[in-house]
Amino acid sequence: MAVRAEDDTREALLDAAESLFAAEGLDNVSLAAITRLADQRNGGAIHYYFGGRDGLLAAILDRHEAILDDIRMTSLIELRRTGDVTIEALLRVAVESLAGRLDSASGRSFLAIQRDRVIESGAAWNFRSATMQLIAAETEALLSDRGFDDAEQAERFRLVTQLVIHRLADRSREETLKTTTPRTLVVETLVSAATSILTAGRRQNATRV
């Protein structure tokens, strides 16, 4: 019974933090506000369960990324089985899995939180998720013969990260307004645009200014 109560408290704190972080931004929410929304009287509950703000945020991300890793791994195994490992196919796995988070209020909050994290990190091409690390590594390997220098490739990766996360975070708001734009159109457009950003052109003897 005590274990169940602790689990319920932990989940209540995660739900409250997720909702507030998504609505108000990662830097604009106090731990006290999260504790109040979770209906917890113990002001030290967040430190007890998560060690503080950073641990709380990590726990929010982990519970979504565990689901995403399962989904992506199934798709990546299928790509391997069919031999269809292309940059476009890899990006589709990434985008479709993230778009699936739009199906729940919690998932939509996750996307909003990810948008804030992208802004804070400068859209760095690095990931906590194991399957996204695999997708990133395979994408980099497939791009290795295109002649882009490190700076140009890094900029292309930043643009793709910003494009996908910001558009899906915007879509999370649109879905609450019952938008008529089909989600499949959003996903396919993102995959097409991201593929073009990463693969278009070849840098050959560019003139330095």
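A straight chain from Asp70 to Glu152 at 0.36 nm per residue would run longer than the Cα-Cα distance by 26.3 nm.
Report summary: the helix-based calculation at 222 nm, which adds -39500 (n - 2.57) for every DSSP H run with n ≥ 4 and divides by the residues of the chain, gives -24500 deg cm²/dmol. Could you give the distance between the Cα centres of the stretch 162-195 and the stretch 27-58, to the whole Å? When both Cα centres are located, 31 Å separates them.
Label point of Val85 set 7 angstrom out along Cα-Cβ; within the stretch 126-148, amide nitrogens under 17 Å from it belong to 130-145. Each label point was placed 7 Å from the Cα along the Cα-to-Cβ direction; for Glu24 and Arg36 their separation is 0.8 nm.
If R0 is 22 Å, what FRET efficiency do you get for Thr189 and Glu78 from their C-beta distance, rounded to 0.05? The computed FRET efficiency comes out at 0.45. Under the convention that each Lys and Arg Cβ holds +1 and each Asp and Glu Cβ holds -1, the size of the dipole of the stretch 61-199 around its Cα centre is about 500 debye. Working ranking of peptides 43-52, 95-104 by packing, defined as the average number of other Cβ atoms within 10 Å per residue, highest first, is 95-104, 43-52.
Coordinate-derived values only; no laboratory data. Note that this is a predicted model, so its numbers are computed, not measured. A quick note on method: Cβ atoms are made from the backbone with ideal geometry, for glycine too, and the neighbour counts reach across all protein chains shown.
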